[in-house]
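Everything below concerns the one structure shown next.
The values are calculated or read from the model by the stated rules, or taken from the named source; none is laboratory data. Predicted, not measured: the structure shown is a model, and the values here were computed from it. So basically every Cβ, Gly included, is an ideal-geometry build from the backbone, and we count neighbours across all protein chains shown.
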Amino acid sequence: MREITIYTSLNCGYCSAAKQLLSSRGYKYEEINMQGDEELMIEVMQKSGQRTIPQIFVGDHSVGGYQELLAAVVNDDFEELVNPVG
């Protein structure tokens, strides 16, 4: 199983929704709060190519934000990222 990391900020509704979705599906994840850490924010933006939060990664693969996570979960693409076959 690949590691799931979610980069968040305080008082972020989409961050809360993403964490709730992951938890409701039984996924364990590491949450990293970027609030006030501009260097980390820039690093994550460069890594993901996106400027929004949350940012969700499976290993080094950028899933995107909450909407992308939801679509990947519904389509079973997320499960394949987390638990690749073979």
Exercise. What is the number of the single condition among (1) touching a Lys or Arg at 6+ places or on another chain (Cβ under 7 Å); (2) surrounded by 14 or more Cβ atoms within 10 Å (Cβ to Cβ); (3) in contact (Cβ under 8 Å) with a residue 24 or more places away in the chain that Ser62 does not meet?
Worked result: (3)
Exercise. Regarding Ile6, is this residue touching a Lys or Arg at 6+ places or on another chain (Cβ under 9 Å), touching a residue at least 40 places away in the same chain (Cβ under 8 Å) and either part of a helix (DSSP H, G or I) or surrounded by 16 or more Cβ atoms within 10 Å (Cβ to Cβ) (or both)?
Worked result: yes
Exercise. Any idea how many residues of the range 65-81 are crowded, with 19+ Cβ neighbours inside 10 Å, aliphatic (A, V, I, L, M) and within 13 Å of Ile4 (Cα to Cα)?
Worked result: 1
Exercise. Restricting the search to the range 56-86, which residues are farther than 18 Å from Met41 by Cβ and of a type in the set (S, T, N, Q)?
Worked result: Gln67, Asn75, Asn83
Exercise. For residues in the range 29-51 being in contact (Cβ under 8 Å) with a residue 12 or more places away in the chain, under 25 Å from Asn75 (Cα atoms) and touching a helix residue (DSSP H, G or I) at 6+ places or on another chain (Cβ under 8 Å), which is surrounded by the fewest Cβ atoms within 10 Å (Cβ to Cβ)?
Worked result: Glu31
For this session: Say whether the condition of being in a loop (DSSP other than H, G, I, E, B) and either at pLDDT 95 or above or not polar (S, T, N, Q) (or both) is met by at least one residue in the range 17-24.
Result: no
Problem set entry | Pick from the range 52-84, criterion of a type in the set (S, T, N, Q) and in contact with a helix residue (DSSP H, G or I) (Cβ under 9 Å, 6 or more places away or on another chain), ranking: modelled with the lowest pLDDT | Thr52
